[in-house]
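The values are calculated or read from the model by the stated rules, or taken from the named source; none is laboratory data. In this text the structure is predicted, and so the values were computed from the model without any measurement. Every residue, glycine as well, gets a Cβ built from its backbone with ideal geometry; the counts of neighbours run over all protein chains shown.
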Amino acid sequence: MRRTVGALLRKELLVELRTLESVPGMSLFAVTTFVVFHFALNRSSVEGDLAAGILWVTLLFAAVLGANRLFVADADQGGFDGFLLAPVDRTAMLISKVLTMLAYLVVLELVAVPAFALLLLGAPLGRALPDLIATLALCDVGIAVIGTLVAALAVQTRARDLLGPLLALPLLLPVVIGGARASSPLFVSGHLGSTQGRWLLSLALYDLVFGLIAYALFDFLLED
Amino acid sequence: MTPQYGRGLRTLSILTVAMLALALVLVFFYAPLEAEQGFLQKIFYVHVPLAIIALSGFVIGGLLAIQHLRTRDSRWDMRSYVVIHMSLIFAVGTLITGSIWAKGSWGHWWVWNEPTLVSFLIIFLLYATYQPLRFAIEDPERQSRYASVFAITAGAFVPMNFIAVRLSSAYLHPRVLGSTSNLPGSMALTFLVSLIALALLFATLCKLELTAKHTRAQVRALRRRLAGDDELPARRGRSAVPVISATGGPAAGGAG
Amino acid sequence: MPDARVPALQLEGLARNYGERAALRGLTLTLERGGTLVVFGPNGAGKTTLLRILATLLRPHAGRASVLGSELPGQAWQVRGRIGLLGHEPLLYRELTAHENLTYHARLHGVGQERVREVIDAVALTGREREPLRTLSRGMVQRVAVARAVLHSPELLLLDEPNSNLDPAAVELVAPLIGPGAGPTRVLCSHDPARGLEGADLVLGLRGGRTEMLRPASEVSRADIMELYR
């Protein structure tokens, strides 16, 4: 299984490096969106709930954008068949795709969060960083799992670019709620709030439940 | 042996109409007028049962989808489709009655601090993609399979969503439309009768739709057999409705 | 260890539907190991469906299918690594090189790097294997696809019009790998009566999913095959 996941990951990395389809697009989209928000809200700096909202909406949409591309190469170039013909555990594809999506999200956040701090955030981020990273990590897992599941569903349909986001956005709302509520106390200057544990807990619960569901259902999407 | 679809439909319908009549009588003549909200509060007897039934329906749709994936029998997919379809209609009913209630008692057509209403909006947005998803997949077997995966995921999402929305609004404002606990006896009875009546309505409508679809499938199978198998042209255009495939049950038993 | 006494293929009443239509109905045949089954028939006759079922990519809806001794779909996992499929799609990533594609498949099948070298040489692409596939001609891509199909030395080859996109020289080149004398049991879908009958043991004619003809190759003439397409 590890060998299979390794082979799949290597393939994903190679294809992404050659085409640069997903990661640059997602990151650029996030930064551009911050600029759009600046003009749309007519604000130079945001704090608290507003800041959390802007960050999470942007991350969510950038993630959905990236998830859309996740299976496209496989669907269009016979990657599913090639994999299905091999004597390997089919869950390996789910694992490799979730890990790939996680990697995309980490790179996205490495660009987007500093950009956000620079462009829009009115509060210093320093001491809030560990809490923020914990929140991002938990949310990333949820986004990666749902993103992979929905992308696999959508890619073999006719309206794949439309259906992906339509399915993903409602499903990811609990992640947005958890992420935004957890991080908004961190974006307040002066008095440093801390993340309420209850949000992290509910995010973890979400990740667990949908992780298990994706694990159980993914194979059914691979068959012809 | 061909099963008899539609057996018991008449009994069920009669029972439903009777219960609905009883519920109407109780709501208008038996249940007391509520102190604060007056007559408008009676919408509660429609709104809350609709919500409960719709939510249960979505979860049941997920359970039926699990059966479909386990047995690969397309009849389970048909049942799942009908239940989800009906629940979506009841969900719209929930939103509309909730909105009317909100307008009447709070002055706005929409309120964000009523977690049930908000959750329903999200769930409605999610399940509204069910039929477009089905419609976008041509291969009938794949359509059924993908729809089942969706139904299970969305079914698990329903409780998750409720928890998340509840958590997020709990500490902000008191609930606008009131909760269902601590109901005085007469209200509780009316509520119960109303719930049962609407549940029966749901069941009857589902059974009706299932019967109609199964019968149509049987007729098609017979026509195909008479015409010498695949002389029947394939359906023009795509369809979001599940097809009971030739091996999906006794309806097309010998044709295999 | 391949059991030489068990036939390569044993199909009984094999059927598969597409919604309410039948893509394949009641197919029954037996193919011995090392033999070649050639399938003819117009488009939509069910040839590709049959191949995909045998490749374990599709589940049968009715009937029995035993491939290399294993029942489908229950024991499909047992047989997966022993089948090679060469379909209409090359099943290769265009952005990757031949070497990368073949190494990927080699890892999936648990095959070593030396074998990758071997097949690249066998399809005469040494020297071009480090270029992305999208820069290669269709004929070369088809050759890489052939390499992919035989990479794991399968006991059963499923070939869907394998010589399309190949010029006569290339056809000669890949013959030792996928042609009549190659060794593995073969199921070949073909539109070319002359070429298709070469080296065939059993001929299956399909139309509308039905078996129109099932005879040893020696009893089949070119005219019989043309009948199918009428």
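Can you list the strands (runs of 3 or more DSSP E) found entirely within segment C:136-210 that contain at least 1 residues being more than 17 Å from C:His88 (Cβ to Cβ) and over 15 Å from the mean Cα position of the chain (by Cα)? Can you show your working first?
Working: elements: C:156-160, C:185-189, C:202-207.
Qualifying strands (runs of 3 or more DSSP E): C:202-207.
If a residue has to be assigned to a loop (DSSP other than H, G, I, E, B) and more than 28 Å from A:His38 (Cβ to Cβ) to count, how many in segment A:110-157 make the cut? Outline the logic, then answer.
In the first step, residues of segment A:110-157 are kept if they are assigned to a loop (DSSP other than H, G, I, E, B); the result is A:120, A:122-125, A:156-157.
Now restrict to residues that are more than 28 Å from A:His38 (Cβ to Cβ): A:156-157.
Within segment A:110-157, residues that are assigned to a loop (DSSP other than H, G, I, E, B) and more than 28 Å from A:His38 (Cβ to Cβ) number 2.
Which of (1) crowded, with 23+ Cβ neighbours inside 10 Å; (2) away from every other protein chain (no Cβ under 11 Å) does C:Ser66 not meet, given it meets every other one?
The one condition C:Ser66 does not meet is (1).
For the structure I just gave you, tell me whether B:Leu22 is surrounded by fewer than 23 Cβ atoms within 10 Å (Cβ to Cβ), touching a residue at least 60 places away in the same chain (Cβ under 8 Å) and assigned to a helix (DSSP H, G or I). So that I can check it myself, show each step before the final result.
Details: surrounded by fewer than 23 Cβ atoms within 10 Å (Cβ to Cβ): yes; touching a residue at least 60 places away in the same chain (Cβ under 8 Å): yes; assigned to a helix (DSSP H, G or I): yes.
Here the answer is yes, as B:Leu22 does meet what is asked.
Output the residues belonging to segment C:154-181 that are in contact (Cβ under 8 Å) with a residue 24 or more places away in the chain and more than 23 Å from C:Lys47 (Cα to Cα).
C:Asp167, C:Ala170, C:Leu173, C:Pro176, listed by residue number.
Is it true that A:Asp89 is surrounded by fewer than 17 Cβ atoms within 10 Å (Cβ to Cβ) and either in contact with a strand residue (DSSP E or B) (Cβ under 6 Å, 6 or more places away or on another chain) or within 14 Å of chain C (Cβ to nearest Cβ) (or both)?
For A:Asp89, the condition - surrounded by fewer than 17 Cβ atoms within 10 Å (Cβ to Cβ) and either in contact with a strand residue (DSSP E or B) (Cβ under 6 Å, 6 or more places away or on another chain) or within 14 Å of chain C (Cβ to nearest Cβ) (or both) - is met.
Suppose we keep only residues that are within 22 Å of the chain's Cα centre (by Cα) and within 7 Å of chain A (Cβ to nearest Cβ) within segment C:93-130. Which one would you say is nearest to C:Val67 (Cα to Cα)?
In this case the residue turns out to be C:His109.
Would segment C:52-60 turn up any residue that is in contact with a strand residue (DSSP E or B) (Cβ under 7 Å, 6 or more places away or on another chain), at positive phi and either away from chain A (no Cβ under 11 Å) or free of Cβ contacts under 8 Å to residues at least 40 places away in the same chain (or both)?
First pass over segment C:52-60, keeping only residues in contact with a strand residue (DSSP E or B) (Cβ under 7 Å, 6 or more places away or on another chain): C:53-56, C:58, C:60.
If we keep only those that are at positive phi as well, we get C:56.
If we keep only those that are either away from chain A (no Cβ under 11 Å) or free of Cβ contacts under 8 Å to residues at least 40 places away in the same chain (or both) as well, we get C:56.
The answer is yes; a qualifying residue exists.
For C:Leu72, are the conditions met, namely being of a type outside the set (D, E, K, R) and at pLDDT 90 or above? Reasoning before the result, please.
Working: of a type outside the set (D, E, K, R): yes; at pLDDT 90 or above: no.
Here the answer is no, as C:Leu72 does not meet what is asked.
Where residues in segment A:194-224 are acidic (Asp, Glu) and outside any helix (DSSP H, G or I), which of them is nearest to the other protein chains (Cβ to nearest Cβ)? Outline the logic, then answer.
The initial filter retains those residues of segment A:194-224 that are acidic (Asp, Glu), namely A:207, A:219, A:223-224.
Filter once more, so that each one left must be outside any helix (DSSP H, G or I): A:223-224.
Values: A:Glu223: 7, A:Asp224: 5 Å.
Among residues in segment A:194-224 that are acidic (Asp, Glu) and outside any helix (DSSP H, G or I), the one nearest to the other protein chains (Cβ to nearest Cβ) is A:Asp224.
Considering only residues that are part of a helix (DSSP H, G or I), under 20 Å from C:Leu157 (Cα atoms) and aliphatic (A, V, I, L, M), which ones fall in segment C:90-106?
Of everything in segment C:90-106, those that are part of a helix (DSSP H, G or I), under 20 Å from C:Leu157 (Cα atoms) and aliphatic (A, V, I, L, M) turn out to be C:Leu102, C:Ala106.
I'd like to check which helices (runs of 4 or more DSSP H) are fully inside segment A:9-100 and have at least 3 residues that are of a type in the set (A, V, I, L, M).
On the way: elements: A:23-41, A:48-68, A:72-76, A:79-84.
In segment A:9-100, the matching helices (runs of 4 or more DSSP H) lie at A:23-41, A:48-68, A:72-76.
From the residues in segment B:8-48 that are over 25 Å from B:Leu205 (Cβ atoms) and among the polar types (S, T, N, Q), which one is modelled with the lowest pLDDT?
B:Gln37
Out of all the residues in segment C:77-89, is one or more closer than 18 Å to A:Lys11 by Cβ and either in a loop (DSSP other than H, G, I, E, B) or touching a residue at least 12 places away in the same chain (Cβ under 8 Å) (or both)?
As a first pass, look at segment C:77-89 and keep what is closer than 18 Å to A:Lys11 by Cβ: C:89.
Now restrict to residues that are either in a loop (DSSP other than H, G, I, E, B) or touching a residue at least 12 places away in the same chain (Cβ under 8 Å) (or both): C:89.
Checked against the condition, which is being closer than 18 Å to A:Lys11 by Cβ and either in a loop (DSSP other than H, G, I, E, B) or touching a residue at least 12 places away in the same chain (Cβ under 8 Å) (or both), segment C:77-89 yields at least one hit.
Hey, can you tell me all the residues within segment A:119-157 that are at pLDDT 90 or above and more than 16 Å from the chain's Cα centre (by Cα)?
Across segment A:119-157, the qualifying residues are A:Leu153, A:Ala154, A:Val155.
Filter segment C:139-192 for residues that are of a type in the set (D, E, K, R) and more than 14 Å from every other protein chain (Cβ to nearest Cβ) and give the result.
Initial filter on segment C:139-192 (of a type in the set (D, E, K, R)): C:143, C:148, C:155, C:160-161, C:167, C:172, C:186, C:192.
Hits for segment C:139-192 are C:Arg143, C:Glu161, C:Asp167, C:Glu172, C:Arg186, C:Asp192.
I'm checking my understanding of the structure. Among residues of segment A:158-190 that are part of a loop (DSSP other than H, G, I, E, B) and in contact with a Pro (Cβ under 9 Å, 6 or more places away or on another chain), which one is modelled with the highest pLDDT?
Of segment A:158-190, the ones part of a loop (DSSP other than H, G, I, E, B) are A:158-159, A:172, A:188-190.
Add one more test, that the residue is in contact with a Pro (Cβ under 9 Å, 6 or more places away or on another chain), and what stays is A:159, A:189.
Values: A:Ala159: 83, A:Ser189: 73.
Of everything passing the filter in segment A:158-190, A:Ala159 is modelled with the highest pLDDT.
Out of (1) within 30 Å of B:Ser144 (Cα to Cα); (2) more than 10 Å from every other protein chain (Cβ to nearest Cβ); (3) among the aliphatic types (A, V, I, L, M), what's the single condition that is false for A:Leu163?
Condition not satisfied by A:Leu163: (2).
Given the structure, is B:Ile84 surrounded by fewer than 17 Cβ atoms within 10 Å (Cβ to Cβ) and under 20 Å from B:Leu201 (Cβ atoms)? I'd like the intermediate steps shown before the answer.
Working: surrounded by fewer than 17 Cβ atoms within 10 Å (Cβ to Cβ): no; under 20 Å from B:Leu201 (Cβ atoms): yes.
In short, no.
Residues being surrounded by fewer than 17 Cβ atoms within 10 Å (Cβ to Cβ) and closer than 14 Å to A:Lys97 by Cβ: count how many of those fall in segment A:7-22.
2
Has segment A:34-44 got at least one residue that is crowded, with 17+ Cβ neighbours inside 10 Å, more than 10 Å from every other protein chain (Cβ to nearest Cβ) and touching a Leu at 6+ places or on another chain (Cβ under 6 Å)? Before the answer, list the steps.
Just the residues of segment A:34-44 that are crowded, with 17+ Cβ neighbours inside 10 Å, to begin with: A:34, A:37.
From what is left, the residues that are more than 10 Å from every other protein chain (Cβ to nearest Cβ) are A:34, A:37.
So of that shortlist, the ones also touching a Leu at 6+ places or on another chain (Cβ under 6 Å) come out as A:34.
Checked against the condition, which is being crowded, with 17+ Cβ neighbours inside 10 Å, more than 10 Å from every other protein chain (Cβ to nearest Cβ) and touching a Leu at 6+ places or on another chain (Cβ under 6 Å), segment A:34-44 yields at least one hit.
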